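Since every read-out is calculated from the coordinates, none of them should be taken as a lab result. Only a predicted model underlies this, so the values are computations on that prediction, with no experimental measurement involved. Neighbour counts run over all protein chains shown; Cβ positions are idealised from the backbone, glycine included.
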Amino acid sequence: MDCLFCSIIKGDIPSTKVYEDEFCLAFRDIAPQAPVHILIIPKAHIASANEITAENSAVVAHIFEVIPKIAEKEGFSSYRLISNIGEDACQSVKHLHFHILAGRKMAEQMA
Ligand code: AMP
C-alpha cells in the first residue's frame, strides 16, 4: 500500500518526531499552520476517522491519552485538535491523523 504516513512510520521518509510508542507516532507538520503544528497518527493504517470501529478504536483512546502528555512536554495547555475526513474536509493523506495546533490565538470560525 502506498501511504505517505506508513512510509514515515517505517522511517523510509524522514520526519521530526515529537513522540513515539508501540501504537502511535507524533511528528511536526511539514507545512505548519500555527507556531506549533504536530500530527499524531496510529501506527496501524486506518484511512480516516470514518473508519474507526469497535475493533480498532483502542488506538484512538490511546492517542487521546498521549496528546495531553505532548502538550505538557511542549509547554502548551490550550490547543485545537482537528481531523479532516474525506474530500469536502480536504483530507490529503488517507491515514488517520489528528492535527494539534497551538502557540497562538485561533480564529473563532473553524471553517
Ligand atoms: P490533511 O490535509 O488533513 O490530510 O493533513 C495532512 C497534513 O500532512 C498536512 O498538514 C501536510 O502539511 C502534512 N504533511 C504532508 N507531508 C508531510 C511530511 N512528509 N511530513 C510531515 N507532514 C506532512
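Restricting segment 10-24 to residues that are outside any strand (DSSP E or B) and in contact with a strand residue (DSSP E or B) (Cβ under 9 Å, 6 or more places away or on another chain) leaves a set whose member that is nearest to His97 (Cα to Cα) is Phe23.
Whenever a residue of segment 76-94 is in contact (Cβ under 8 Å) with a residue 40 or more places away in the chain and closer than 13 Å to Ser48 by Cα, its partners that are within 7 Å of the ligand (Cβ to nearest atom) and outside any strand (DSSP E or B), lying with C-beta atoms within less than 8 angstrom and at least six residues away or across chains, give the pairs Gln91/Asn84; Val93/Leu4. Residues considered: Lys94, Lys105. Of these, the only one that is of a type in the set (D, E, K, R) and surrounded by 15 or more Cβ atoms within 10 Å (Cβ to Cβ) is Lys94.
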